[in-house]
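Have a look at the structure below before the remarks.
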Number of protein chains: 2
Amino acid sequence: MAELFLEDFAVGQHFTSGTRALTAEEIKAFAASFDPQPFHTDEAAAESSFFKGLAASGWHTAAITMRLQIDSGPPIAGGMIGAGGEISWPRPTRPGDVLHVESEIMEVKPSKSRPERGFATLKSETKNQDGDVVQLLIVKLLVWRRPEYGF
Amino acid sequence: MAELFLEDFAVGQHFTSGTRALTAEEIKAFAASFDPQPFHTDEAAAESSFFKGLAASGWHTAAITMRLQIDSGPPIAGGMIGAGGEISWPRPTRPGDVLHVESEIMEVKPSKSRPERGFATLKSETKNQDGDVVQLLIVKLLVWRRPEYGF
């Protein structure tokens with residue numbers, strides 16, 4: 001797919017990423033670096049926790065979602081640059097889960113102050129192999145306008 | 001500090017984490033795994049990008065923030081479990097930055113349906129060594145009530 005500028009986006013556009021499987025070892029390695037809580041690092045301790053079993057750090061799910069978007073999400077010209085947004089994790093990501101991301105454009109808006117750029121609001125659902133949503137991210141992305149539009 | 005239950009939290013409480021320095025090598029390694037875009041992986045390419053120099057992935061900043069909270073943030077009984085929230089990155093995190101997290105309790109609310117638990121809304125500013133906010137996270141945390149309250 002060609003690189004996408006602001007003019008190429010429209011409300012309702014859909015994108016579906018490829019898939020990525022996640023192992024217990026990856027969950028524990030990420031958690032050891034960034035979120036060393038027993039329910040992310042130790043199967044036995046996780047059993048008696050809120051999660052009732054090993055669960056990935058939400059930030060690990062977020063990071064994998066980003067990787068899926070970079071590899072096979074909307075190819076935004078100049079890269080995928082998020083200003084911020086809303087994130088939630090309705091269910092935990094588990095060892096053996098195979099994740100993919102389904103995204104939809106919610107809003108497309110030229111910048112009022114910067115004629116060469118604009119924003120696209122992207123809603124991304126990260127789903128496991130059963131179709132359960134493990135992460136919902138609504139993010140405001142910086143998107144460039146086509147250079148031939150004179151900017 | 002003793003483990004904190006819902007009854008221990010109050011609106012306006014502050015917490016300040018320890019610090020963590022970040023190297024260009026760490027920025028590039030995280031990005032290679034999770035956010036392989038040139039402005040996160042390559043100094044020369046980053047110079048001509050939106051970021052005008054190497055910048056950490058926002059998810060790397062988020063992951064480091066989590067690690068700082070686990071090591072030296074509010075010691076919540078049962079762990080720090082976020083249901084979701086709002087995140088933004090007002091400025092990039094750069095190689096050599098020394099980050100810390102300043103947090104404040106915004107709301108404390110018992111669950112209506114589950115008497116043994118409640119929620120605390122935590123606003124966390126991740127700041128660099130100059131006091132610039134590189135990440136703002138407002139997150140709704142699951143917090144348990146004290147067992148002696150009868151639950």
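The values are calculated or read from the model by the stated rules, or taken from the named source; none is laboratory data. None of the values given here were measured: they were computed from a predicted structure. Neighbour counts are summed over all protein chains in view; Cβ atoms, including those assigned to glycine, are modelled from backbone coordinates with ideal geometry. Note: areas computed on protein heavy atoms with side chains; ligands, DNA, RNA excluded. Shrake-Rupley method; radii C 1.70, N 1.55, O 1.52, S 1.80 Å.
Expressed as a whole percent, the accessible surface of the protein assembly as shown that belongs to carbon and sulfur atoms is 52, based on a 1.4 Å probe.
For region A:74-100, a reduction of at least 40 Å² in accessible area between the chain on its own and the assembled protein chains (probe 1.4 Å) is found at A:81, A:85, A:87, A:89.
Once you reduce region B:84-151 and region A:80-134 to the center of their Cα atoms, the two points are 21 Å from each other.
Sites count as exposed loop sites when they are trypsin sites (Lys or Arg not before Pro), lie in a DSSP loop, and have at most 13 other Cβ atoms within 10 angstrom; the longest stretch of chain A without one is A:53-111.
Residues whose amide H lies under 5 Å from that of residue A:117, counting only those 5 or more places away or on a different chain, are A:111, A:145; hydrogens are built 1.01 Å from N in the peptide plane.
Give the accessible surface of the protein assembly as shown per residue, rounded to a whole number of Å², with probe radius 1.4 Å and ligands, DNA and RNA excluded. Walk me through the numbers on the way to the answer.
Working: 13530 Å² over 302 residues.
Counting only protein heavy atoms, the per-residue value for the protein assembly as shown is 45 Å².
In terms of overall dimensions, the C-alpha atoms belonging to region A:23-95 reach 46, 23, 18 Å along their principal axes, ordered largest to smallest. A simple spin-label model places the labels of residue B:112 and residue B:21 5.1 nm from each other, with each point 7 Å out along Cα-to-Cβ.
Determine the order of A:97, B:42 by accessible area, beginning with the largest, at a probe radius of 1.4 Å.
Values: A:97 10, B:42 65 Å².
Output order, biggest surface exposure first: B:42, A:97.
Would you calculate the volume per residue, in Å³, of the smallest convex hull containing every Cα atom of the protein assembly as shown? Enclosed volume per residue, from the Cα hull, is 143 Å³.
In terms of its Cα atoms, region B:50-137 spans 51, 24, 18 Å along the principal axes, sorted from long to short.
Buried surface for the A/B pair, taken as the accessible area of each chain alone minus that of the pair with a 1.4 Å probe, is close to 2700 Å² in total. Computed with a 1.4 Å probe on the full set of protein chains, the accessible area for residue A:144 sits at about 60 Å².
The 3J(HN,Hα) values that the Karplus relation (6.51, -1.76, 1.60; θ = phi - 60°) gives for region B:74-83 are, in residue order, x, x, 6, 4, x, x, 9, 10, x, 7 Hz. Gly and Pro appear as x.
Applying the Karplus relation 6.51 cos²θ - 1.76 cosθ + 1.60 with θ = phi - 60° to region A:111-119 yields 3J(HN,Hα) values of 6, 6, 9, 10, x, 8, 9, x, 10 Hz, where x marks Gly and Pro. Each residue of region B:100-107 was assigned a 3J(HN,Hα) from its phi angle through the Karplus expression (A = 6.51, B = -1.76, C = 1.60, θ = phi - 60°), giving 8, 10, 10, 10, 9, 7, 9, 7 Hz with x at Gly and Pro. Note on region A:93-151: Kirkwood radius taken over Cα pairs, Stokes-Einstein applied at 10 °C and 1.306 mPa s, translational D equal to 119 µm² s⁻¹.
What does the helix-only formula give at 222 nm for the protein assembly as shown: each DSSP H stretch with n ≥ 4 adding -39500 (n - 2.57), the total divided by the residues, and the result rounded to the nearest 500 deg cm²/dmol? Intermediate results must be reported in sequence, preceding the final value.
Details: 8 runs with 70 residues, N = 302.
Theoretical 222 nm ellipticity from helices: -6500 deg cm²/dmol.
Viscosity 1.567 mPa s, temperature 4 °C: what is the translational diffusion coefficient of region A:1-48 from Stokes-Einstein with a Kirkwood Rh over Cα pairs, rounded to a whole number of µm²/s? The calculation lands on 91 µm²/s.
A simple charge model with +1 on the Cβ of Lys and Arg, -1 on the Cβ of Asp and Glu and nothing else charged puts the dipole of region A:93-148 at about 520 debye relative to its Cα centre.
Shortest first, residue A:114 label-point distances to identical copies amount to 4.0 nm, with the label point at 7 Å from Cα along Cα→Cβ.
Once you wrap a convex hull around the alpha carbon atoms of chain B, what is its projected area averaged over all directions, in nm²?
On the way: hull surface 37.8 nm².
Averaging across all directions leaves 9.4 nm² for the Cα convex hull.
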